[in-house]
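Written out below as structure tokens is the structure these notes cover.
Any read-out appearing in this document is the output of simple, stated calculations on the displayed coordinates, not a laboratory observation. For clarity, every value in this text was computed on a predicted model and none was experimentally measured. Note that we place each Cβ from the backbone using ideal geometry, even for glycine, and neighbour counts take in every protein chain shown.
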Amino acid sequence: MEAGMHATPALHEHDSDDHIHPPPEGFIRKYVFSLDHKVIGVQYFITGILFMLIGGSFAELIRLQLWKPEGAIMSHEAYNVVYTMHGTPMVWLVLIPLVTGAIGNFVMPLQIGARDVAFPWLNMISFWIVPLSGVVLFSTLLYGGAHAGWTEYPPISLQDGVAGALWCLSIILVGVSSTMTGMNFMVTIIKMRAPGMTWTRMPLFVWATLATALMNMIATVALSAALLALFLEHVYNVPFFDPSRGGSPLLYQHMFWFYSHPAVYIFILPAFGVISEVLPTFARKPIFGYKMIAFSSMAIAILGFAVWAHHMYPSGLAPWIQTPFMILTFAVGVPTGIKIFSWLATIWGGRIQLTVPMLYALAFLITFTFGGITGIFLASVPANLHEHGSYFVVGHFHYVVGGGAVFGFLAGLTYWYPKVTGRMLDERMGKIGFWLFFAGLNLTFLPMHWLGLEGMARRYASYEYFAKTHPDSVFWNQFATVSSFLMVASVALLAVNLIWSLRHGKLAGNNPWGARTLEWMISSPPPYYNFKKIPIVYDRPYDFGEPLPYRNLDHETDPYPAPTRASLAGPAPFPAGA
Amino acid sequence: MASAVKPLGLQAVEARYNDVERHYAETRDIRLLGFVFFLISDCVLFASFIFAYMYLRVSAPAWPPFVDGHQLPWFDTAFAALNSVVLFGSGVTMHFALENWKHLNKQKFNAWLLATIVLGIAFLLGQAHEWSLIKTTWQGSSMGASFFTLTGMHGFHVFVGVIYLTVLGFQANRGVYTGSKYFGLTAGTLYWHFVDVIWVALFFLFYLW
């Protein structure tokens with residue numbers, strides 16, 4: 001054996017086909033414990049949507065409770081459980097699986113011209129932890145439920161008993177899953193890009209996924225550590241957060257927000273990436289400021305680690321700590337602004353096709369910017385002290401997450417649905433659904449801003465005393481409740497559309513949108529191995545009107561893909577002389 | 001607008017793509033990078049608890065803290081220093097083990113690896129003794145909470161490392177690793193050094209600060 005240790009392996013006829021494995025057989029290997037990133041992406045999608053239905057139902061329970069100032073449908077204790085079980089699954093079991101898990105898994109390897117992620121087994125395990133943690137999370141309801149909101153601040157959360165410990169366990173599991181996904185994606189993007197795809201030729205969604213993966217890899221472990229400490233305090237009575245034995249409740253807030261502020265970027269950055277793909281495709285124009293958009297994603301990821309204490313101004317931080325965090329939080333507005341203006345410049349003068357993904361992307365620009373601006377209010381210490389405990393924060397947060405991450409996700413879903421299934425979504429249902437969601441979101445969360453500024457406190461099961469001094473608040477709460485059902489209708493319509501189009505949608509063809517990233521160069525749905533020959537990349541994918549920057553594609557496609565029946569629904573994607 | 005086809009060195013790209021050696025090296029690099037990322041994230045886990053310890057210590061009115069009106073004693077440095085030497089020594093022996101593997105000297109590799117495992121077990125026994133010397137409990141004070149959690153996590157990593165190195169030793173002798181394919185040994189060595197480095201931080205924080 002020793003003699004052969006440094007022998008070089010025999011050179012054999014090497015072809016790219018060598019690394020194509022035969023597809024798995026049998027239902028279990030194909031659809032349940034699949035190693036294929038595309039199947040795993042769809043699994044994440046289904047799981048995330050199911051949890052979204054549960055989390056959304058809890059949201060509607062909140063809205064119904066606030067129909068009357070004294071609380072319409074449930075006890076105050078039950079209300080605490082309900083808003084906890086709205087926030088927790090929505091953040092960890094819906095947004096993160098949907099934006100990083102589903103879209104990231106399905107699209108990213110295709111866009112970099114890879115056959116799979118770097119560690120398919122790890123990917124499978126990462127996915128299966130998510131439903132498991134969902135089961136653990138909802139099992140807390142059997143033990144009376146967690147009461148302390150999605151942040152689970154001690155000492156209140158320490159009164160939750162078994163439910164609190166299970167809550168910690170569940171989120172630790174999600175954290176482990178996210179961390180593994182983050183490492184997997186980092187390695188995939190760094191090491192497995194197609195030849196010729198240099199850093200500045202990557203599609204912008206890949207840049208966004210890279211920034212997200214970095215945060216997943218680092219910040220999520222800090223969350224797991226915070227919850228591990230809380231878990232130890234629950235189960236073994238270890239005094240990390242108990243002041244009577246030298247612990248500090250503020251320590252938990254530091255540890256928690258060190259993750260959970262990056263977490264909001266974990267769900268917004270992939271949405272940024274989606275928007276950067278959708279806007280140039282439907283404006284038929286190259287993206288404006290490619291490098292600025294790419295690097296600002298990384299800047300947001302890095303700055304995101306330095307702003308966590310802006311969630312803690314009312315907790316009594318020393319002013320010398322508050323001020324730098326305020327300035328750093330303002331600084332996050334700079335890379336975000338760079339993105340917004342780059343996107344505006346991208347669509348400026350473009351030949352805009354108002355398809356459903358484009359509608360979501362344009363709505364994203366409006367609502368996300370609105371949420372970002374109220375975020376600047378909240379970053380400022382003096383304003384924050386007034387607004388923090390109020391519905392203003394709820395409004396701000398839902399504009400950023402609903403109008404940002406969810407619109408980005410829906411843009412991505414409607415954009416890549418033809419690639420996933422090979423069929424187009426129904427355009428009319430999609431447009432009705434979009435307008436319902438857009439109206440519902442704005443009409444539900446906009447009134448919360450002025451309710452909050454007038455002093456309506458968040459997380460309260462009733463607002464009797466507030467309603468006595470502000471009688472109009474009853475109207476606005478009922479208005480928000482009614483409006484929120486527009487979103488329910490939109491989600492129902494989306495579900496119908498997704499299922500109906502699976503059978504009856506128009507055939508999509510390889511490239512229904514006339515887009516230029518690599519995933520559109522292969523069939524829809526993509527074959528098991530993605531690319532039979534690994535393509536060679538020559539340029540960025542955004543130069544509309546130029547020949548495609550790829551060689552060695554599986555089947556030489558027309559550089560100007562013929563418009564299909566579906567893409568003809570809008571203006572022709574390649575008008576003469578474009 | 002940029003010209004569509006840029007001069008790219010197509011031949012270089014294709015040569016790279018068809019190169020078998022390079023392909024193997026890349027798969028190894030992929031695993032190595034993944035392992036390094038795992039270590040980085042593991043490092044964040046320790047860093048979080050180290051932050052917790054520093055935060056509690058700095059914000060405490062007195063350190064060591066008072067429990068039932070009595071101030072706790074400082075941790076005893078002497079024995080921990082001795083035990084640290086054992087662990088750092090195991091890092092050195094592991095380095096020699098891998099170097100000997102690279103130089104095809106399997107007997108020396110086995111000897112150094114065995115030495116590493118023995119030193120690792122010795123460190124764990126030393127830690128057990130150290131724990132018995134501590135005057136506070138896990139539940140009793142923030143000092144105890146941080147100390148037992150951090151050294152417990154570290155001890156668990158050493159324990160896993162001892163098992164890991166033992167498995168690697170058996171694998172190496174069964175001929176799992178050949179030629180330039182010894183990624184597992186590289187990873188095991190990296191892991192062991194990582195455990196050492198974490199201990200440097202913990203030793204400084206608990207015994208020298």
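Details
- The calculated FRET efficiency for the pair A:V135 and B:H129, based on their C-beta separation and a Förster distance of 25 Å, comes to about 0.05.
- When Rg and Dmax are taken over the Cα atoms of region A:310-468, they come to 18.6, 57 Å.
- Note on region B:74-109 and region A:277-341: Cα centroid distance 45 Å, given to the nearest whole angstrom.
- Taking every residue in A:529-541 and counting other chain Cβ atoms within 10 Å of its Cβ, the average works out to 2.
- For chain B, leaving out every one of the trypsin sites (Lys or Arg not before Pro) that falls in a DSSP loop and has at most 16 other Cβ atoms within 10 Å, the longest unbroken run is B:1-134.
- Each other residue within a Cβ distance under 14 Å of A:V420 adds +1 if Lys or Arg and -1 if Asp or Glu, for a net charge of +1.
- From its DSSP helices (H runs of at least four residues, each -39,500 (n - 2.57)), the protein assembly as shown gives a residue-normalised ellipticity at 222 nm of -21500 deg cm²/dmol.
- Solvent-free Debye scattering, log10 I(q)/I(0), computed from the Cα coordinates of region A:453-542 at q = 0.16, 0.23 Å⁻¹: -0.81, -1.17
- Other residues whose C-beta falls under 9 angstrom from the C-beta of A:M202 contribute a net charge of +3, scoring Lys and Arg +1 and Asp and Glu -1.
- For the residue pairs A:K38/A:K285; A:K30/A:K532; A:K38/B:K102, the C-alpha atoms sit more than 31 angstrom apart in A:K38/B:K102.
- Column: log10 I(q)/I(0), Debye, Cα scatterers of region A:156-234, q = 0.12, 0.19, 0.20 Å⁻¹: -0.46, -0.77, -0.81
- Summing +1 for each Lys or Arg and -1 for each Asp or Glu among the other residues whose beta-carbon sits under 12 angstrom from that of A:A294 gives +4.
- Based on alpha-carbon atoms, the Kirkwood radius and the radius of gyration of region A:211-280 give Rg/Rh equal to 1.21.
- Other protein chain C-beta atoms within 10 Å of residue C-beta, averaged over A:543-552: 3.
- √(5λ) per eigenvalue of the Cα gyration tensor, region B:37-208, largest first, Å: 36, 16, 11
- log10 of Debye I(q)/I(0), alpha-carbon scatterers only, for chain A at 0.09, 0.10, 0.11 Å⁻¹: -0.69, -0.85, -1.02
- Each of the peptides A:169-180, A:88-99, A:430-441 was scored by the mean count of other Cβ atoms within 10 Å over its residues; in descending order, highest first, they stand as A:88-99, A:169-180, A:430-441.
- Of every Cα-Cα pair in region B:96-175, the percent that sits beyond 16 Å: 58 percent
- Shielding by partners - mean other protein chain Cβ count within 10 Å, residues of A:210-217: 1
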